[in-house]
Amino acid sequence: MFLDRGDVRLELLKRDGHYWLQTKKRTVADASMCMVTTGRKQSSLMRWHMKFAHLNVQAMKQMVLKEMVDGMQSLKLDHFKEPLDCIACQIAKQRRMSYKRHNKRTTVCYDRLMTDVCSIGLATVGGNRYFQLVQDEASRFKWCYLLEHKSEATKNVMNLILRLEKQYVINRVRFDQGGVFVNNKMKKFLVDHGIELRPTNAFTPEENSLVERQNGNLVNKVRAIREGIGLPESLWGEVLMYVVKVDNMSSTKALPRTRNSQGRSLMLASFICVDVLPLLTFPRRNGHVN
């Protein structure tokens, strides 16, 4: 599908249930800007609507009923019987439609991996400011890495794929269009291993929704544990690794009953060995011991 407007062509390429928009930038040397006015006669309701910075009709009606504004006598209750047709409000205040999922989730473990990098903004004791989450779409198993720099994310994905390929087949990797993942090094690695690179569309995090939601869920759990125990914020990395380990052994409504043995290794049986965030402390030595 394409649409031509002068020297501009908009091409809509359908791929995997989504339309990718491609445009060619128009270069017009003699383009000029002018003020455009409409000759349409505005009603009294529309004029007051614009005076009050496009206020909603119900609020203006209450102002008229309670006589809250002096000089507003020209606006009568009969004016509110006609619908307010403000094109500017319809364009500027419209909301994005909900994202409808079309594709089904895969049921083959490690067939599709998705990853994302999240910034915390506070350095851990080891100097890490980011964490990377890699999730298997079928089993919901997660791998978490603490990052000092975002550039470390590419190497983590490559090492994980090399380790998983010893036993399983990986067909697709999905992430956003950030330079952390979409780079020549990553592209060459995926092509050499026969893995499909599937970046998300711009401003569409819903296509990577599983790992995007997990970022928020895990951070909320980390915050709850810190508040419950009274840990400093600088220990968020250690708490996060503990949360991911426990979450991998927990049940989820996305999967029937027990999790797949390939993806989960049925670690539920060993869950009794996990304690409530075990902490290891060492005594501080102020000086040299003779």
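The values are calculated or read from the model by the stated rules, or taken from the named source; none is laboratory data. Source: prediction; values computed, not measured. A quick note on method: Cβ atoms are made from the backbone with ideal geometry, for glycine too, and the neighbour counts reach across all protein chains shown.
A few points about this structure:
- Taken over the stretch 178-216, the criterion of being of a type in the set (A, V, I, L, M), loosely packed, with under 13 Cβ neighbours inside 10 Å and modelled with pLDDT of 80 or more is satisfied by 191 alone.
- Yes/no for residue 255 being more than 30 Å from residue 125 (Cα to Cα), surrounded by 13 or more Cβ atoms within 10 Å (Cβ to Cβ) and modelled with pLDDT of 50 or more: yes
- Which listed residue is β-branched (Val, Ile, Thr), in a helix (DSSP H, G or I) and free of Cβ contacts under 8 Å to residues at least 12 places away in the same chain, from 222, 191, 211: 191
- Lone qualifier among 204, 200 - being farther than 17 Å from residue 120 by Cα, touching a helix residue (DSSP H, G or I) at 6+ places or on another chain (Cβ under 6 Å) and among the hydroxyl-bearing types (Ser, Thr, Tyr): 200
- Looking only at the stretch 207-224, and only at residues there that are of a type outside the set (D, E, K, R) and out of contact with any helix residue (DSSP H, G or I) (no Cβ under 9 Å at 6 or more places or on another chain), the one that is farthest from residue 134 (Cα to Cα): 224
- Residue list for the stretch 1-53, filter: acidic (Asp, Glu), modelled with pLDDT of 70 or more and under 34 Å from the mean Cα position of the chain (by Cα): 4, 11
Let's see how each residue does on (1) modelled with pLDDT of 90 or more; (2) closer than 21 Å to residue 105 by Cβ; (3) outside the structural domain of residue 206 (by TED's automatic domain parsing); (4) touching a Cys at 6+ places or on another chain (Cβ under 9 Å):
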position	(1), (2), (3), (4)
220	yes, no, no, no
237	yes, no, no, no
241	yes, no, no, yes
259	no, yes, yes, no
271	no, no, yes, no
